[in-house]
Amino acid sequence: MPTTSTDLRAAAAALLVPGTTCHGFAVERCETVPELDSDAYVLRHTASGARLLYLACDDENKAFAIGFKTPPADSTGVFHILEHSVLCGSAKFPVKEPFVDLIKSSMQTFLNAMTYPDKTIYPVATTNEQDLFKLMDVFLDAVFNPAIYTKPTIFEQEG
């Protein structure tokens, strides 16, 4: 099992070879990013078409972000309201403010959600691998199983 960043980079290079498949993801390409002293791997989930960018680098921070294209049809700000709404509990984490709880209990070095004119992203970072998995679990459940499906008042409250 790789234990250092250098070991992880070597493991990624051996495993993520363009043209191969890894855990349901087709490895499309790899390129070096000198500005970040990293190797960037672009993968595509074969079942859903979702894209994954993996940066292998020696930074002590471990980061994850999930993002969605959210081009608006009007200027109502619905995607910004939705960004806040999905962070008000989920199927697996039915607490009122899991985002606030994470700020208090996690070793996170960055935790946020951002809505841009054409996309919404949910990034997290931490120096602890187990904490990263916990943060990923909360954020992934928030965006794929938000409590707004069972509690429509959340959306109404945030809007």
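The values are calculated or read from the model by the stated rules, or taken from the named source; none is laboratory data. Predicted model only: the values in this text are computed from it and were never measured. Neighbour counts are summed over all protein chains in view; Cβ atoms, including those assigned to glycine, are modelled from backbone coordinates with ideal geometry.
Before moving on, here are some points about what is shown:
- Of all residues in the range 43-74, those being touching a strand residue (DSSP E or B) at 6+ places or on another chain (Cβ under 9 Å) and farther than 22 Å from residue 32 by Cβ number 9.
- Tallying residues that are surrounded by fewer than 19 Cβ atoms within 10 Å (Cβ to Cβ) and of a type in the set (Phe, Trp, Tyr) within the range 110-141 yields 3.
- Boolean, residue 100 is of a type in the set (Val, Ile, Thr), assigned to a loop (DSSP other than H, G, I, E, B) and either over 17 Å from the mean Cα position of the chain (by Cα) or modelled with pLDDT of 90 or more (or both): no
- Options 75, 85, 90, 48; residue that is of a type in the set (Ser, Thr, Tyr) and closer than 20 Å to residue 132 by Cα: 90
- Contact map, the range 35-64: first residue within 20 Å of residue 136 (Cα to Cα) and modelled with pLDDT under 95, second residue polar (S, T, N, Q) and part of a loop (DSSP other than H, G, I, E, B), Cβ cut-off under 9 Å, separation 6 or more or different chains; pairs are 60/127; 61/127; 62/127; 62/128.
- Boolean, residue 92 is surrounded by 13 or more Cβ atoms within 10 Å (Cβ to Cβ), out of contact with any Cys (no Cβ under 9 Å at 6 or more places or on another chain) and of a type in the set (Lys, Arg): yes
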